[in-house]
1. Once you have the Cα-Cα distance between Asp28 and Val332, take 0.36 nm times their residue separation minus that, and quote the gain in nm to one decimal.
2. Using every Cα-Cα pair within the stretch 214-302, state what percent have a distance larger than 18 Å.
3. Express the C-alpha Rg of the chain as a ratio against the empirical globular expectation 2.2 N^0.38 Å, rounded to two decimals.
4. Using every pair of alpha-carbon atoms in the stretch 297-390, split the distances into 5 Å bins beginning at 0 and state the percent of pairs per bin, rounded to integers.
5. How big is the equivalent ellipsoid of the stretch 1-95 along its three axes, where each semi-axis is √(5λ) from the Cα gyration tensor, reported in whole Å from largest to smallest?
6. Name the long-range amide H neighbours of Gly144: under 5 Å, sequence gap of 5 or more, or other chain; modelled H, no Pro or chain starts.
7. Which of Ala266, Ala333, Ser357 sits farthest toward the positive end of the charge dipole of the stretch 251-396, with +1 on the Cβ of Lys and Arg and -1 on the Cβ of Asp and Glu?
8. Starting from the eigenvalues of the Cα gyration tensor, five times each then square-rooted, give me the equivalent ellipsoid semi-axes of the stretch 303-349, largest first, whole Å.
Amino acid sequence: PALREELVIALIRSLPKHIRRPLVPVPDVARDVVEALRPRRGPIVEQVAAELRRLRGVQVSAGDFDSARLPPHLRMSFSVEGADGSALARGDDLDDLCARLRMRLQAELTAAASGLERSGLRDWPGGTLEQVVTLPGAGDAVRGYPALVDEGQTAGVRVLETRERQAAAMRAGTLRLLRLTLPAAGRASLDQLPNADKLALAGAAGGDPSAILEDVTAAALGELLDAAGGPAWDAPGWARLRGDVVGRLAMAVARTLAATIEVLHAAQAVRARLDAQAPAEPLRPARLDVSAQLGRLLHPGFVAATGAARLPDVARYLRAAAVRLARLPDNVAVDRDRMATVHELEALLPARLPPDSELAWLLEELRVSYFAQALGVRGQVSAKRIRRRIAEASIS
């Protein structure tokens, strides 16, 4: 707190020149900003940006500050201590400290909760699954988060170190138990498909449509799990969840299968365009970009990874890619400029974001708006908005 004014001065001076120019004299502006700051009302960069807009009318966002330019003594630093007070790790990157200590913490949590952990489950383990446990000797400071986990052919129970990992594991483990305890669904829908749809499925699954049916079933179960309010934590809740899902699964699989086939037909149209188009050198960058987009959207397990609700969007993205290829010979320069913007934004994505993050989907929407706007875009999408969202994700 004693360095708050110095920090605000340094933040203002880290702004791009065209934003910083109206904020002079910087020390006076910083003093006014500090007077208006209130602790624990959000990240300081967001509060400072809001006050600069209020005080000087300057359009500045949290992502405009360059925290890399702050001197070391103005950056938050962290020290993780053991029970005896010795420092186990120090640094100014909390994510890095967590990564460095994760294995040690996991080992200690596993040892402390050995009675909770299970393996090889094919049904609910019985009783109630505790949502929080504490590490002995740490008071309430170090907590573990039990969850069902997916072991591939079976499920298990593990104690994890964060609520985020618990939530992800619990969902995956619950879906595995549902697959193990529910009857197979979708074969009737598969048998009734016209030949063109069967060929599309076979082409996507290496000649075996049943492989993609597994993927479709996993996506349908995920949709039903979300609709039911998420995983259960006790035996009665598990019984209710399973009963709710079993009555809806056949229709959900049929619905998801139909959406998947739409995606596969759209992908076939894109591949046909690529095959028919002359491989002229000016068209090569855009053709490579579309091929990479195909690989990104359609990969083994893409149906469950995408989620049933987003499959119609994926079909639209692919139809937009086909429109782009059709227009490409007459729009090489415009296509190149728009593709450069998309690639620039892709390069800005934080490395820790998963490939199916909301930002990644926003970039797919931006491609539609650039190359086939008539197909429609979900929400308000622009390069400026996405750049701001990326900056906010990088700071958080």
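The values are calculated or read from the model by the stated rules, or taken from the named source; none is laboratory data. All values reported here derive from a predicted model rather than from experimental measurement. Glycine gets a Cβ as well: all are built from the backbone with ideal geometry, and neighbour counts include every protein chain shown. Please note that ligands, DNA and RNA were not included when accessible areas were found on the heavy atoms of the full protein model with its side chains. Shrake-Rupley method; radii C 1.70, N 1.55, O 1.52, S 1.80 Å.
1. 104.3 nm
2. 59
3. That works out to 1.22 for the chain.
4. Computed distribution, short to long bins: 2, 13, 24, 23, 22, 12, 4, 0.
5. With the √(5λ) rule applied to the stretch 1-95, the semi-axes are 29, 14, 12 Å.
6. Distant-sequence amide H within range of Gly144: Val133, Thr134, Leu135.
7. The one lying farthest along the dipole's positive direction is Ser357.
8. Values for the stretch 303-349, descending: 25, 17, 5 Å.
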